[in-house]
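The values are calculated or read from the model by the stated rules, or taken from the named source; none is laboratory data. These figures come from a predicted structure and were not determined experimentally. Glycine also receives a Cβ, built like all others from the backbone with ideal geometry; neighbour counts cover every protein chain displayed.
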RNA sequence: GGCCCCAUCGUCUAGGCAGGUCUAGGACACCGGGUUUUCAACCCGGCAACAGGGGUUCGAAUCCCCUUGGGGCUACCA
């Protein structure tokens with residue numbers, strides 16, 4: 001085994017990178033890094049109907065955000081390019097021709113409708129549908145004639161039917177498929193593009209891939225792919241396969257992108273007085289489209305879903321990697337958490353840095369059973385990583401986050417940002433830091449007061465106390481944290497009250513909420529002038545004539 | 001329906017391949033208590049699992065079979 005390890009991540013560019021894809025990418029990447037091998041990014045854009053032009057770009061950005069880099073692929077280049085399958089048509093054509101010439105593949109003229117019918121007919125059969133190979137293969141001339149008539153022409157691989165197909169899997173051992181179990185499958189579509197099952201085999205060989213780590217959903221494709229490999233490349237050693245378990249959502253079934261629209265729909269139905277025109281407007285869709293969505297007939301695209309959810313204030317479950325970014329998770333957290341979904345280092349370690357993961361990763365420790373994506377545990381992991389990550393790096397992560405969610409806190413310079421982080425100790429996500437410190441960037445007049453907080457805090461003599469606090473703050477010589485603390489504690493003691501009775505009215509007055517950084521820091525950072533201004537506004541708003549000033 | 005895979009606390013899992021050291025360990029969640037100026041964070045304690053049934057064996061969470069349950073695939077998608 002002197003061969004250098006080569007792994008690849010081969011996404012089809014249909015949208016954002018989601019957690020499942022990210023995990024596949026990560027495992028392949030970890031194995032390459034662990035062994036000093038090569039990690040290839042290959043874009044499987046062979047489906048013209050589904051690919052979107054920006055998706056490949058997006059997937060690459062998401063990978064970069066996670067810290068997953070590739071040695072060969074788009075942007076990086078490499079000796080085995082091009083790395084977009086749509087640019088490798090001539091290569092596939094060559095191998096298709098070879099198979100055709102050797103009678104290992106044959107032309108088919110069935111339309112999709114024909115196939116549907118065949119399948120329907122086979123429904124009652126004991127073995128289910130299997131494509132019936134013709135007694136003799138159509139000739140090149142037949143194909144040409146069909147093409148000129150505008151008929152559908154595809155190419156099928158003649159899968160060996162007389163022997164069991166054995167797949168060796170690093171995770172599951174040997175799996176045997178009975179003779180005849182795998183029927184002839186299409187390797188070239190009628191639009192001339194290769195199918196996944198074909199392109200993937202050709203490219204894995206040409207790109208000298210040694211290990212394929214992929215989801216369990218591909219396990220049943222493997223015998224066919226291996227048979228194809230033998231037909232194409234004879235005894236050349238095929239890659240080793242490791243089929244990972246599937247990730248299940250904690251909201252029920254399989255973790256899928258459909259969960260977001262589903263959650264939004266549920267929310268829309270629960271909200272009584274929704275302004276549908278406005279909602280459609282916000283989502284950038286027509287009233288008809290919204291109606292179709294509500295009736296379950298159509299699903300708007302992701303940006304629309306996101307916009308409407310934001311408008312309604314409905315949190316959607318994070319599925320795509322960018323969703324986690326926007327929710328304030330660190331890439332370190334995602335990588336760590338994803339790595340532990342179906343793998344573990346064999347000891348009690350859980351919170352691990354990149355380097356540790358690379359050092360400990362091993363393909364033989366992949367678990368066989370499906371794992372559930374536990375968001376509560378994810379949050380806990382994020383809390384740990386926020387504590388653990390180097391301060392400059394955390395600041396950069398925060399800056400990226402504030403930018404993408406368009407927070408006013410983004411106006412802070414590095415020094416201020418670091419200070420904000422330090423007073424938000426114990427934050428679980430970057431969103432916590434943003435939420436807690438936004439009050440510093442608000443205008444006094446337009447500060448929003450949380451109703452519940454006001455009701456809870458401004459009762460009894462809270463207003464009177466706040467008025468007193470105001471006067472004392474105004475009278476302080478030096479406006480320091482220590483000074484503020486001494487004053488507030490002194491006042492509480494004098495009145496025989498807990499500090500909370502004194503601090504809470506002040507907290508709500510300056511930030512509109514009961515949730516904020518520690519009160520001394522908050523007041524100090526707001527500054528005396530602004531603090532007094534806000535207290536005055538609060539006194540006016542919540543005070544009665546008798547006890548305000 | 002057919003084929004394939006899987007099965008330890010609520011969840012992620014260690015242990016299983018080399019059966020005894022497992023009265024089954026850790027983490028998250030949860031519950032109770034502590035700390036406390038809010039939210040968090042933090043500290044202490046607690047609850048909680050080998051799916052069921054047959055074998056093999058002196059002995060099974062660990063090996064074999066069946067049942068049940070879960071998942072995947074069954075496309076001119078990847």
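Can you tell me how many residues within the range A:420-462 are assigned to a helix (DSSP H, G or I) and within 26 Å of the chain's Cα centre (by Cα)?
8
Which members of the range A:183-199 meet the condition of being more than 7 Å from RNA strand B (Cβ to nearest atom) and either surrounded by 22 or more Cβ atoms within 10 Å (Cβ to Cβ) or within 19 Å of residue A:237 (Cα to Cα) (or both)?
If the condition is that a residue be more than 7 Å from RNA strand B (Cβ to nearest atom) and either surrounded by 22 or more Cβ atoms within 10 Å (Cβ to Cβ) or within 19 Å of residue A:237 (Cα to Cα) (or both), then A:187, A:188, A:194, A:198, A:199 are the ones that fit.
Among (1) within 30 Å of residue A:81 (Cα to Cα); (2) at pLDDT below 95; (3) near RNA strand B (Cβ under 8 Å from one of its atoms), there is one condition residue A:168 misses while meeting the rest; what is its number?
That leaves (3) as the condition not met.
If you take the residues of the range A:467-482 that are in a helix (DSSP H, G or I) and more than 14 Å from RNA strand B (Cβ to nearest atom), which of them is surrounded by the fewest Cβ atoms within 10 Å (Cβ to Cβ)?
A:475
Look at residue A:24 and say whether it is part of a loop (DSSP other than H, G, I, E, B) and out of contact with any helix residue (DSSP H, G or I) (no Cβ under 6 Å at 6 or more places or on another chain).
When the stated conditions are applied, residue A:24 does not pass them.
Yes or no, residue by residue, for (1) more than 21 Å from residue A:389 (Cα to Cα); (2) touching a strand residue (DSSP E or B) at 6+ places or on another chain (Cβ under 6 Å); (3) at pLDDT 95 or above:
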position	(1), (2), (3)
A:330	no, no, yes
A:344	yes, no, no
A:349	no, no, no
A:352	no, no, yes
A:357	no, no, yes
A:362	yes, no, no
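Can you tell me which of A:146, A:105 is more than 42 Å from the chain's Cα centre (by Cα) and within 16 Å of RNA strand B (Cβ to nearest atom)?
A:146
Go over the candidates A:57, A:23, A:50 one by one and state the one that is within 27 Å of residue A:317 (Cβ to Cβ), out of contact with any strand residue (DSSP E or B) (no Cβ under 6 Å at 6 or more places or on another chain) and free of Cβ contacts under 8 Å to residues at least 12 places away in the same chain.
Criteria check complete, one pass: A:57.
Can you confirm whether residue A:501 is part of a helix (DSSP H, G or I), away from RNA strand B (no atom under 14 Å from the Cβ) and in contact with a helix residue (DSSP H, G or I) (Cβ under 7 Å, 6 or more places away or on another chain)?
no
If residue A:162 meets every condition in (1) within 40 Å of the chain's Cα centre (by Cα); (2) not in a helix (DSSP H, G or I) apart from one, which number is that one?
Going through the list (1) within 40 Å of the chain's Cα centre (by Cα); (2) not in a helix (DSSP H, G or I), residue A:162 breaks only (1).
Only one of these conditions is not met by residue A:262: (1) assigned to a loop (DSSP other than H, G, I, E, B); (2) more than 30 Å from residue A:362 (Cα to Cα); (3) within 16 Å of RNA strand B (Cβ to nearest atom). Which number is it?
(1)
Being in contact (Cβ under 8 Å) with a residue 12 or more places away in the chain and not in a loop (DSSP other than H, G, I, E, B) is the filter; apply it to the range A:483-498 and report the residue that is farthest from the chain's Cα centre (by Cα).
A:491
List pairs: first residue in the range A:176-192 and over 25 Å from residue A:147 (Cα atoms) and touching a residue at least 24 places away in the same chain (Cβ under 8 Å), second residue within 9 Å of RNA strand B (Cβ to nearest atom) and part of a strand (DSSP E or B) anywhere in the structure, Cβ distance under 8 angstrom, at least six positions apart or on different chains.
Pairs that qualify, where the first residue is over 25 Å from residue A:147 (Cα atoms) and touching a residue at least 24 places away in the same chain (Cβ under 8 Å) and the partner is within 9 Å of RNA strand B (Cβ to nearest atom) and part of a strand (DSSP E or B), are A:177/A:167.
Go through the range A:39-56 and report how many residues are modelled with pLDDT under 95 and within 26 Å of residue A:329 (Cβ to Cβ).
4
Need pairs with beta-carbon distance below 6 Å; first residue closer than 17 Å to residue A:143 by Cα and within the range A:102-127, second part of a helix (DSSP H, G or I) and more than 7 Å from RNA strand B (Cβ to nearest atom); sequence gap 6+ or separate chains.
Close Cβ pairs satisfying both conditions: A:104/A:231; A:105/A:99; A:107/A:143; A:109/A:146.
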